[in-house]
Amino acid sequence: MKSFAQIGAGCLVLLTLGSASPAAYAQRLRSPWDGQAVTMTDAPYTCPQPPAFAKSLNAESYYTDEHHSIIDPVKQKAFRDATEAPTHLGEWAGQAADAYRTTGSRAGASCVYALLEAAAKAQAWSAAMPTGQGSYEQKWLLAGVAMAYLKVRDSGVGTADQDKAIQKWLGSLANRARDYVEGKRSNPNSDAWNNHGYWAGFAVAAAGIAIEDKTDFRWGLDAYKIGWATSGPMARCRASWIAPAWRCTITCMRWLRW
């Protein structure tokens, strides 16, 4: 399961934009980092080589019980081996983006562009996934790389061609995430109605901002609304142990005013 700290970061995006007035949607979609001046510096940053790319990902869950509480060590190793490359891409792009935001490192911002441009050219993990777990990884990847891109897109280090390629790739990942969820929504007991549906909402909303697609952005917000509407009082109570991020999500949902 991905860190709920990342959900907290997603909440920042939705808090900033979800309460916007209808007139605001006629303007450019903005992330919390747009318009925040960063003084460019020559702070060094060592950019890793891109991981090995593939268009698809054959990953399976490593739990052995229906409650997802018992781990099979052999399956877990196979899972980690299968997901290592996309996990590294998201981590490395995020770390480089944070280096730019905190130190102004031009090298950090350039690293984000280099990693994401390479992924875009390879159409990395943009195919329809053969397993549900692969689709989970696909949307988690989208969430991470879209956030990294939003943090550096106003840095001025990327070229128009790089932006075009990266945005096209993000859009293809967003389409896959939407297709997966929408294909499952007819079944009320499917993963389209649990945290995976909400994660897809976060990922697609972030991508929508990045590619200036208001349809994707609104779809993402609606997925968050569905999550709140379908997680009854007992579910909210059981989730209260995830205190910081969960409180943020509650606040986020209230701000959407739906």
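Inspect the stretch 216-227 for any residue being hydrophobic (A, V, I, L, M, F, W, C), modelled with pLDDT under 95, outside any loop (DSSP other than H, G, I, E, B) and touching a Leu at 6+ places or on another chain (Cβ under 8 Å) and give the result as yes or no.
Yes.
Given the conditions (1) at pLDDT 95 or above; (2) of a type outside the set (Asp, Glu); (3) closer than 25 Å to ALA54 by Cβ, and given that ALA205 satisfies all but one, which numbered condition is not satisfied?
(3)
Let me spell it out: the conditions are (1) touching a Ser or Thr at 6+ places or on another chain (Cβ under 7 Å); (2) modelled with pLDDT under 95, and VAL181 meets all of them except one. Which number is the exception?
Result: VAL181 fails condition (1) only.
Being of a type outside the set (D, E, K, R), assigned to a helix (DSSP H, G or I) and surrounded by 10 or more Cβ atoms within 10 Å (Cβ to Cβ) is the filter here; which residues of the stretch 59-87 pass it?
Within the stretch 59-87, GLN76, ALA78, PHE79, ALA82, THR83, ALA85, PRO86, THR87 qualify.
Taking ALA43, is it of a type in the set (Gly, Ala, Ser), modelled with pLDDT of 90 or more and surrounded by 14 or more Cβ atoms within 10 Å (Cβ to Cβ)?
Yes; evaluated as a whole, the condition is true for this residue.
How many of the residues in the stretch 116-152 are over 16 Å from the mean Cα position of the chain (by Cα) and not in a helix (DSSP H, G or I)?
Selection size over the stretch 116-152: 7.
Pairs, please: C-beta under 7 Å, at least 6 apart or cross-chain, first residue under 20 Å from ASP216 (Cβ atoms) and in the stretch 143-166, second surrounded by fewer than 19 Cβ atoms within 10 Å (Cβ to Cβ) and basic (Lys, Arg)?
LYS151/ARG101; ALA165/LYS121
Just to be sure, is LYS55 under 29 Å from ALA118 (Cβ atoms) and touching a residue at least 12 places away in the same chain (Cβ under 8 Å)?
For LYS55, the condition - under 29 Å from ALA118 (Cβ atoms) and touching a residue at least 12 places away in the same chain (Cβ under 8 Å) - is met.
Cβ-Cβ under 6 Å, sequence separation 6+ or interchain: first residue in the stretch 199-211 and hydrophobic (A, V, I, L, M, F, W, C), partner outside any helix (DSSP H, G or I). Which pairs?
From residues that are hydrophobic (A, V, I, L, M, F, W, C), the pairs are ILE209/LEU29; ILE209/SER31.
Take the residues in the stretch 50-105 that are basic (Lys, Arg) and at pLDDT below 95, then tell me which one is farthest from ARG153 (Cα to Cα).
Ranking the candidates gives LYS75 first.
The values are calculated or read from the model by the stated rules, or taken from the named source; none is laboratory data. As the structure is a prediction and not an experimental result, all values here were calculated from the model. Note that each Cβ is placed from the backbone with ideal geometry, even for glycine, and that neighbours are counted across all protein chains shown.
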